[in-house]
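Nothing in this text is a laboratory measurement; each read-out follows from the coordinates by a stated rule. What you see is a predicted model; the values in this text were computed from it and never measured. Every residue, glycine among them, receives a Cβ derived from its backbone with ideal geometry; neighbour counts consider all protein chains shown.
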Amino acid sequence: MRFAPGSVPWLIRHELRLLSRASGRLSWWMLLIVVLALIIAVAVAGAPIAALLAHPHLGTHPLAVFGADIAIVLLFGIMFAQALLLSVQAFYIRGDLDLLLSSPLPPRRLVLVRSGAIACSVAALFWLLAAPVVAATVVRGHLAIIGVLPLIAAVALAATSAGLVVAMVLFATLGPRRARTVSQLLGPAVVGGIILLAQIPQFLPHHGAWVARWVETAVRLGWFGPHSVLAWPVRAACGVPVPMLGITAACSVLFLATAYAAAPLFPNYAARATVAVGGRARHRPWRPLRGGVRSVLIRKELRLIARDPLLLSQILLQLVYLIPLAVALATQDLTDRHMFIMVCVGLLIVMAGGAASSLTWVTLSAEDAPDLLRCAPLTHGAAERAKLTAALIPLTGFLVPVAVLGVFSSWAAMIAALGAAASALSNALIQLWYAKPMARGAFRRRVQRALLPSLGGMLVTFGWVGVAAAACSATAATELAAVLLAVVPLGALGLLWLGRHRSERPLYISRWSHEPSRHA
Amino acid sequence: MAELALQVEQLTKRFIAPAVDCLNLMLPPGQLYALLGPNGAGKTTTLRMIVGLLAPDYGSIRIFGIDALADPLGAKRLTAWLPDEPMLYDKLTALEYLEFIAGLWNVDAAVAAKRAEELLRWLDLWAQRDQRCEEFSRGMKQKTALAGALLHDPQLLILDEPLSGLDAAMARQVKDLLLERARQGTTVMLTTHVLEVAERLAERIGIIVRGRLLAEGTLEELRALSGLGDSSLEEVFLRLTRPESR
């Protein structure tokens, strides 16, 4: 299809082309995995939820209305966090921005398309998550459930509008540099905050019975009645035309108005983002990095990690995502002390593995100046050991929760410490064996670019959780089971070791200098 | 005969086609040598093999008598590499970057501090020494990387397009510095597309085309080889690299 050059559809096609090529082409086996995952998701998750959604009175039931409203608020919060980050990055990521801004295209058109791309990025994940449920419900004959998809798009448009406004306000009040840092911290903080807030009722007396009482009162007062505006989200999701069109139209108008208002400011902010914006730096004396090359490299890595708020927040957010799962498990029956301790041990092991994997990826795969290290007089092994050490040092922070756990059970604390150490070391080694040069900015895409080590790491981590769970019981039979179960993570680790990169060590010191190939 | 600063023999590297093909180079200490060639001629590949970033398929590299393939760390201690894209850490300040370089090359702390101040003052970066590299312009990044390359006082300095991104005044300053370093005994090997730079700086010039050394010598020798009397290096280069001249 041909569009007029410079028109909105033409620019959208350009954005989509760039977006589709940003993550590289999917190999056939990756495509197969995605299709299989979708089929499994439809079968496992989609079908039961679809049965629930197919209930004839879903759109009018007060509790469904209340649940949908809460879900929309959560969805908006998560989407807003993403949109804020992407909106601020839009000023910084140059790409073709300078080219487009210097072209005779009206800035409004450009901002509209860029904002649309942000909204699409924000909605994409949730469309993907909703797809199995929608597909399964449609198969059951409830075609109207397709209304979920425009509802997600509408929320994405509203969240993008909010993200754009907050990004502009941050830029105007704090300046480009601080705006970027604050957005990097604010986005994940919002998501983390939502996740943690959602767990509060679990910890309240009687598991938040007061929330249920409040809902009952609100239902009696008719707040969540079928004709209330609060019922629009669930009715829109069920494909009722008026609420669906109403919400979509309102969010679209909000989005267009925001993009229209932001357009005159956008080129100015984008230009400011390129200028050196450092404040008055405090001058400090020369501080030699003593202790040899190993110490120099470790300190460099720790300094770089500490100065990357986006990276840190993303790593911490990964850990925050685990909390609801653990809380859900632990609060099944808090009176069962053993269950509670086991969940804590498992959580610590999973968290340590995840953090080790992320930090090792940062130090090994996301080295900013690999050629500098390869030119320097240090050996490959020294560089690798220093980088692994640097990645594992922050994990000593896990000693604090382990010590707290020790108050409840010293045996469990010991198991947690050993399990966390094994999990962290295993994940660090897997990252070392499968190191692949990438930019730090690719942190969130690292899993899809290195699927085998990521899945392998998860398998090994959960293997260690199994070992720890068996060991926690502290009976002769379970201790024997723990020893036997250790075969799983160790075996997986062995298989991953066998499949590691053998020929290519792309990061630090090329092996050629030690093992030159001199074939004529 | 004095030991050569750089001796490259039969250096060969193939990717799909030969990138560098049986290249021989000999640079005595203190010489400023320019390696010229059209795009894709194999200049950067040659330099990357010399500094140990790329494995040659065949050939040998000796740096001040040290076999760079057998003792790479020994060779790297004497060498500095400045690529056209600066090798920096965005989240480190200029001073921290130099501290890191001093640590990697194990330069004495007092000496490194003095040298870092001298270099940063000379490169007009002293006032920005505590700013992070992510805030620097392209030229400032290039200058920071240059300070890093010179900090450990290398005996062999290898530069790929060292003047890219520098303003006229700074480019002049860098050219003077390279001449001064060469006078003090540092061997400098550089590539550049700005032929006036090579004409003004280099004692000897090598012209490489499709991985092979097409011609080598002083400007006078190259003029004689091309049959162009008092012509500029640009004209000599264009004549020698013309397909029918090869």
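Within chain B, the selection of entire DSSP H helices by a Cα span of 18 Å or greater along the long axis and an average Kyte-Doolittle value of at least -0.5 returns B:109-122, B:138-151, B:168-183. Of the peptides A:111-124, A:305-318, the order by per-residue mean of other Cβ atoms within 10 Å, starting with the highest, comes out as A:111-124, A:305-318.
Please work out whether region B:8-66 counts as rounded, prolate or oblate from its C-alpha gyration tensor, where a ≥ b ≥ c are the square roots of the eigenvalues and a/c under 1.5 means rounded, while otherwise a/b larger than b/c means prolate and anything else oblate? Oblate is the answer for region B:8-66, as a/c is 1.5 or above yet b/c matches or exceeds a/b.
Write down the percent of antiparallel bridges among all DSSP beta bridges whose residues are both part of the protein assembly as shown, to the nearest 5. Please report the intermediate quantities before stating the final value.
Numbers: 19 of 36 bridges.
In the protein assembly as shown, approximately 55 percent of DSSP beta bridges are antiparallel ones.
The separation of region B:187-210 from region A:411-487, counted between C-alpha centres, amounts to 54 Å.
How shielded is A:373-382 by partner chains, expressed as the average number of their Cβ atoms within 10 Å of its Cβ atoms?
Details: counts 2, 9, 15, 14, 13, 6, 2, 0, 0, 0.
That average works out to 6.
Shielding value for B:37-43 is 0, the average number of Cβ atoms from other chains within 10 Å of each residue's Cβ. Of all DSSP beta bridges located in chain B, what percent are antiparallel, nearest 5? Beta bridges within chain B, antiparallel portion: roughly 55 percent.
Hey, got the average number of other protein chain Cβ atoms within 10 angstrom for residues in B:128-137? Let's see the in-between values first.
Values: counts 3, 4, 6, 6, 5, 1, 5, 7, 2, 3.
Neighbouring Cβ atoms belonging to other protein chains average 4 per residue here.
Give B:LYS43/B:LYS91; A:LYS387/B:LYS76; A:LYS436/B:LYS114; B:LYS76/B:LYS175 a once-over and call out the pairs whose C-alpha atoms are over 26 Å from each other.
On the way: B:LYS43/B:LYS91 31 Å; A:LYS387/B:LYS76 21 Å; A:LYS436/B:LYS114 38 Å; B:LYS76/B:LYS175 24 Å.
Flagged as over cut-off: B:LYS43/B:LYS91; A:LYS436/B:LYS114.
Shape analysis of chain B places it in the prolate category; the axes a ≥ b ≥ c from the Cα gyration tensor give an a/c of at least 1.5, with a/b above b/c. Label the protein assembly as shown by shape, choosing from rounded, prolate and oblate, from the square roots a ≥ b ≥ c of the eigenvalues of the Cα gyration tensor; if a/c is under 1.5 it is rounded, and otherwise prolate applies when a/b is larger than b/c, oblate when it is not. Prolate shape, in that a/c is at least 1.5 and a/b is the bigger ratio. With Cα atoms defining each centre, region A:104-121 and region B:6-59 are spaced 47 Å apart in the structure. A cut-off under 10 angstrom between Cβ atoms defines the neighbours of B:SER232, and their net charge, with Lys, Arg +1 and Asp, Glu -1, is -4.
Of all the options B:ALA182, B:ALA171, B:ALA109, the one that moves most in a Gaussian network model of chain B with Cα springs shorter than 10 angstrom is B:ALA109.
Centre-to-centre, using Cα atoms only, region A:138-187 and region A:204-264 are separated by 16 Å.
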